[in-house]
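Okay, so here's the structure we're looking at.
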There are 2 protein chains.
Amino acid sequence: MTAVPTFDDVQEAAARLKGLVHHTPVLTCSSLDDRVGARIFCKCENFQKAGAFKFRGACNAVMSLSDVEARRGVATHSSGNHGAALALAARLRGVSARIVMPTNAPASKKAAVAGYGGTIVYCEPTQEAREASLEAVVRETGAAFVHPYNNAKVIAGQGTAALEFCAEVPQLDVILAPVGGGGLLSGTALTAAAHTPGTQVVGTEPAAADDACRSLAAGKILQANDPTTIADGLRTSLGELTFAILQRHVAQIVTVSEEAIIAAMRYVWERMKIIIEPSSAVPIAALLDNRLEVSGKRVGVILTGGNVDLERLPWIAPPSS
Amino acid sequence: MTAVPTFDDVQEAAARLKGLVHHTPVLTCSSLDDRVGARIFCKCENFQKAGAFKFRGACNAVMSLSDVEARRGVATHSSGNHGAALALAARLRGVSARIVMPTNAPASKKAAVAGYGGTIVYCEPTQEAREASLEAVVRETGAAFVHPYNNAKVIAGQGTAALEFCAEVPQLDVILAPVGGGGLLSGTALTAAAHTPGTQVVGTEPAAADDACRSLAAGKILQANDPTTIADGLRTSLGELTFAILQRHVAQIVTVSEEAIIAAMRYVWERMKIIIEPSSAVPIAALLDNRLEVSGKRVGVILTGGNVDLERLPWIAPPSS
């Protein structure tokens with residue numbers, strides 16, 4: 001097991017990423033504040049390059065490679081934002097990226113990877129096929145595997161979102177972030193614990209994919225077992241590194257229903273006029289559904305991404321075929 | 001005819017509106033820049049209170065009334081953003097707003113007016129019924145009629161968006177804005193002409209509702225005659241005040257197809273991750289469709305509003321009933 005990253009790694013990542021990642025804006029919404037009864041600040045990682053915070057971690061990992069390592073390219077398995085983020089980061093460094101994706105991945109995700117110049121390696125849609133394909137790619141090319149979250153450089157990179165956030169909005173009482181594999185939440189927790197120890201870090205996840213909540217309660221990593229949730233970025237299980245950090249620094253994990261996620265996503269689209277994907281709506285759902293006590297507090301929310309298939313919105317019935 | 005407003009009126013409006021309107025952010029998008037071959041700055045009035053720039057003009061008009069006038073309330077006819085904006089402005093002043101709306105206005109527009117505490121006065125969906133209803137309201141209540149655009153205070157208020165824009169982004173070569181009744185475009189033109197005379201102001205409108213383009217060519221106001229365009233904010237004809245200003249200060253009006261409007265709207269949703277309504281997409285359509293020569297220039301675009309019925313998106317076929 002690699003060493004668990006620390007706040008020093010987050011600060012190093014911030015220096016490395018300067019000029020490479022967007023310093024995303026923080027938006028507020030008075031109707032959201034009124035509805036929740038708190039002052040809410042939204043860090044808009046949906047405006048990040050490649051449309052999600054994932055670019056921070058992927059870019060930190062790619063830019064940390066030695067020239068010799070980088071020349072052999074990078075590889076990962078991802079049917080989501082990490083694949084596109086890694087492809088873009090690799091392009092910025094001028095090296096190749098091979099992304100193992102299941103044959104049934106959404107067309108929009110394939111187009112994003114290809115659009116950033118990544119090479120898609122198709123596999124059957126099973127965990128075994130995915131891992132076998134990745135191993136084969138790494139064996140054949142010598143590419144560096146950049147895990148979507150259980151990677152110290154990735155976690156440190158994700159922590160830079162909270163670093164910007166805490167610097168811009170002082171004295172946050174709470175920061176909410178979604179938890180899937182835990183890369184963002186653990187990076188956020190490292191940053192908050194060191195930078196502003198008074199800030200509580202709370203994870204949010206779909207009740208239908210509550211493995212992080214159960215894992216922290218059990219004191220060991222429990223598998224997500226391919227859960228069915230609209231929050232497609234949050235279907236993964238924790239990794240050893242992220243679990244270790246969450247155990248130490250995360251106060252609480254709150255779960256929300258699928259209905260609450262869809263309602264929160266729509267609320268943000270309607271009121272804030274910004275596009276967020278379902279995974280990003282999870283912390284907003286926790287607030288709108290009063291899943292934690294924040295009355296009168298200053299609450300930070302990381303809106304993680306905005307990559308949505310605009311042909312299929314969860315509140316519009318698909319045309320009958 | 002009231003006096004045509006000047007840049008002094010815009011500056012007065014800016015002072016009056018301080019703290020009442022949002023100073024909206026300016027966003028950029030590197031893929032848009034690459035596609036168009038220019039540096040494009042988007043002034044996000046879709047993030048304005050009540051979801052559109054209209055709040056600036058409505059608020060300036062309402063806050064300019066004497067206490068005696070204000071006490072009798074305000075009234076207008078609008079099936080769009082001006083009605084909601086006027087209702088909100090009236091609520092902030094603590095006076096009543098009566099909004100004449102056709103019975104067939106979209107449910108979302110009615111809900112917005114009612115949500116801000118406005119009283120809806122229904123009329124048949126004809127121009128005559130609309131005007132007769134408004135006259136009756138004004139006669140019975142003594143309310144001040146705040147025309148959606150042919151009103152000096154409204155025009156001056158709309159000009160404050162460009163004032164913020166030019167202060168934040170210096171040396172714009174061009175500013176693009178949509179033109180319907182011409183309130184925003186004329187306010188923008190007043191501001192640019194006085195504040196940064198080197199900046200060219202260009203109007204954009206749907207080819208299906210090209211009355212402003214034709215009016216400037218003809219040297220007189222030609223009526224729009226209830227055109228069919230998805231850009232529902234741009235179906236109106238110019239007024240005497242707005243026409244006088246456009247004649248003097250607007251270099252050019254560019255028209256775009258309905259297909260280009262829908263494609264531009266979707267492009268902004270997908271790439272910029274923000275919600276804009278079809279009318280806001282018109283200047284982006286002009287850029288994406290190469291309707292004017294901006295190569296290498298610094299181009300400002302006013303994104304006018306983000307009020308969209310999320311149940312009905314122009315690129316999704318409605319479910320068959």
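The values are calculated or read from the model by the stated rules, or taken from the named source; none is laboratory data. Keep in mind the model is a prediction, meaning the values are calculated, not measured. As a convention, Cβ positions derive from the backbone with ideal geometry for all residues, glycine included, and neighbour counts pool all protein chains shown.
Laid out as a table, the results:
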item: Among (1) outside the structural domain of residue A:222 (by TED's automatic domain parsing); (2) buried (at least 20 other Cβ atoms within 10 Å of the Cβ) - the single one residue A:179 does not satisfy; result: (1)
item: Residue list for region B:1-51, restricted to those being closer than 24 Å to residue B:171 by Cα, aliphatic (A, V, I, L, M) and in contact (Cβ under 8 Å) with a residue 60 or more places away in the chain; result: B:10, B:13, B:14, B:26, B:27, B:32, B:36, B:38, B:40
item: Unique match (being crowded, with 24+ Cβ neighbours inside 10 Å and either more than 23 Å from residue A:182 (Cα to Cα) or modelled with pLDDT of 95 or more (or both)) among A:85, A:114; result: A:85
item: Lone qualifier among A:24, A:28 - being within 12 Å of another protein chain (Cβ to nearest Cβ), touching a helix residue (DSSP H, G or I) at 6+ places or on another chain (Cβ under 7 Å), under 16 Å from residue A:274 (Cβ atoms) and surrounded by fewer than 23 Cβ atoms within 10 Å (Cβ to Cβ); result: A:24
item: From A:160, A:229, A:236, residue being among the hydroxyl-bearing types (Ser, Thr, Tyr) and farther than 26 Å from residue A:314 by Cα; result: A:160
item: Where residue B:197 falls short, out of the listed (1) touching a helix residue (DSSP H, G or I) at 6+ places or on another chain (Cβ under 9 Å); (2) assigned to a loop (DSSP other than H, G, I, E, B); result: (1)
item: Residue A:115 vs. criteria touching a Cys at 6+ places or on another chain (Cβ under 7 Å) and under 25 Å from residue A:92 (Cα atoms); result: no
item: Residues being in a helix (DSSP H, G or I) and touching a Pro at 6+ places or on another chain (Cβ under 7 Å) - total across region B:281-305; result: 2
item: Count of region A:59-77 residues which are among the polar types (S, T, N, Q) and crowded, with 24+ Cβ neighbours inside 10 Å; result: 2
item: Test result for residue A:46, among the polar types (S, T, N, Q), farther than 30 Å from residue A:267 by Cβ and under 19 Å from the mean Cα position of the chain (by Cα); result: no
item: Members of region A:283-311 found to be within 18 Å of residue A:52 (Cβ to Cβ) and at the interface with another protein chain (Cβ under 9 Å from one of its Cβ atoms), listed by number; result: A:305, A:306, A:307, A:308, A:310
item: Region B:256-277 - residue that is closer than 19 Å to residue B:312 by Cβ and in a loop (DSSP other than H, G, I, E, B) and, of those, farthest from the other protein chains (Cβ to nearest Cβ); result: B:277
item: Condition met for residue B:56 (among the charged types (D, E, K, R), buried (at least 24 other Cβ atoms within 10 Å of the Cβ) and touching a residue at least 12 places away in the same chain (Cβ under 8 Å)); result: yes
item: Residue among A:51, A:37 that alone is in contact with a Gly (Cβ under 6 Å, 6 or more places away or on another chain) and small (Gly, Ala, Ser); result: A:51
item: Among (1) within 14 Å of chain A (Cβ to nearest Cβ); (2) surrounded by fewer than 20 Cβ atoms within 10 Å (Cβ to Cβ), the one test that residue B:280 misses; result: (2)
item: Strands (runs of 3 or more DSSP E) contained entirely in region B:38-108, each with at least 1 residues that are of a type in the set (D, E, K, R), within 14 Å of chain A (Cβ to nearest Cβ) and in contact with a strand residue (DSSP E or B) (Cβ under 8 Å, 6 or more places away or on another chain); result: B:39-44
item: Qualifying residues in region A:154-171 (those that are crowded, with 24+ Cβ neighbours inside 10 Å and farther than 12 Å from residue A:190 by Cβ) - the one farthest from the chain's Cα centre (by Cα); result: A:165
item: Which numbered condition residue A:22 fails, given (1) at pLDDT 95 or above; (2) part of a helix (DSSP H, G or I); result: (2)
item: Residue among B:244, B:260, B:224, B:231 that alone is of a type outside the set (Phe, Trp, Tyr) and surrounded by fewer than 18 Cβ atoms within 10 Å (Cβ to Cβ); result: B:244
